[in-house]
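The values are calculated or read from the model by the stated rules, or taken from the named source; none is laboratory data. The structure displayed is predicted, hence computed values, not measured ones. All Cβ positions, glycine included, derive from the backbone under ideal geometry; neighbour counts span all protein chains shown. Protein only, heavy atoms only, side chains kept; ligands, DNA and RNA dropped before computing areas. Shrake-Rupley method; radii C 1.70, N 1.55, O 1.52, S 1.80 Å.
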Amino acid sequence: MLTLVLTRHGLTARSDPEQHLGQRIDIELSPAGQAQAVALAVRLEHIRFERILTSPLVRARETASIIAKRAPAGPRVEADPRLREMDYGHWEGLTYPQIDARDRAERQAWEADPAGIPCPGGESGNEVAARVTSFLADLLAAHERLSGDARIAERPVLAVAHSSLNRILVCVALGIEIREFRLRLQQSQANLTALRFEHGSGPGDARLILLNDLAHLRRPPRTPWE
């Protein structure tokens with residue numbers, strides 16, 4: 001049985017106003033993003049992870065490193081290119097209003113079917129789903145090889161990635177249509193999401209344990225779901 005703990009990197013200097021940061025602008029965490037990563041690391045510091053995997057992009061690697069420093073036994077951070085954010089192509093670095101002003105019709109078509117239609121010069125949701133499925137299949141196979149050691153088999157795996165990537169991964173794992181990833185799922189910075197693969201039926205047969213939990217970032221009187 002594999003428990004996959006999923007999170008998104010912390011805030012960057014280009015998070016406000018929100019911009020499309022995919023694979024082409026490789027930016028580090030802002031001070032606020034580093035603080036988010038530390039808060040998440042504190043919440044997870046008692047958990048012994050089997051592995052810590054990350055997108056190779058700087059904002060994700062920095063978040064993963066902050067968590068790893070507090071983790072018991074300090075597992076090595078492993079970068080996997082399949083965890084990179086969706087390639088937004090010509091929309092990279094643009095805000096929603098800028099995209100609407102420049103490519104309104106193309107944007108509306110993409111929003112109607114973000115699975116089948118690629119971002120101009122970039123990826124479609126289905127293309128991201130293909131690499132996510134490959135990632136999950138390899139992760140499950142690797143965990144299965146270690147399952148003879150009960151001490152290892154019960155340890156969760158942490159993956160640090162991105163907003164669209166994570167939402168598409170959850171869709172793959174739960175059998176949700178990929179075209180629904182933007183409408184039905186949320187992945188805030190430094191959230192906690194957890195999936196449990198317990199039936200041995202592959203990447204699309206997970207149980208959702210936790211989704212977009214922000215309790216470590218939203219102290220009272222603020223609600224955890226703001």
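Does the range 158-170 contain at least one residue that is open to solvent by 70 Å² or more (accessible area, probe 1.4 Å) and more than 21 Å from E78 (Cβ to Cβ)? For the range 158-170, residues open to solvent by 70 Å² or more (accessible area, probe 1.4 Å) and more than 21 Å from E78 (Cβ to Cβ): absent. The criterion of being in contact (Cβ under 8 Å) with a residue 60 or more places away in the chain and surrounded by fewer than 20 Cβ atoms within 10 Å (Cβ to Cβ) does not hold for T63. Checked against (1) touching a residue at least 12 places away in the same chain (Cβ under 8 Å); (2) in contact with a strand residue (DSSP E or B) (Cβ under 9 Å, 6 or more places away or on another chain), C171 passes all but condition (2). Applying the set (1) under 21 Å from the mean Cα position of the chain (by Cα); (2) buried (at least 16 other Cβ atoms within 10 Å of the Cβ); (3) within 23 Å of R24 (Cα to Cα); (4) not acidic (D, E) to S134 leaves exactly one unmet item: (2). Among residues of the range 1-30 that are at negative phi and open to solvent by 50 Å² or more (accessible area, probe 1.4 Å), those with a Cβ under 6 angstrom from a residue that is in a strand (DSSP E or B) and modelled with pLDDT of 95 or more, sequence gap 6+ or separate chain, pair up as P17/T95. Tallying residues that are part of a loop (DSSP other than H, G, I, E, B), of a type in the set (G, A, S) and over 16 Å from N191 (Cβ atoms) within the range 46-92 yields 3. Which one of these is more than 30 Å from G175 (Cβ to Cβ) and open to solvent by less than 50 Å² (accessible area, probe 1.4 Å): D113, D87, D103, D80? Answer to the selection: D103.
Considering only residues in the range 189-205 that are touching a strand residue (DSSP E or B) at 6+ places or on another chain (Cβ under 6 Å) and open to solvent by 20 Å² or more (accessible area, probe 1.4 Å), the one that is nearest to C171 (Cα to Cα) turns out to be R196.
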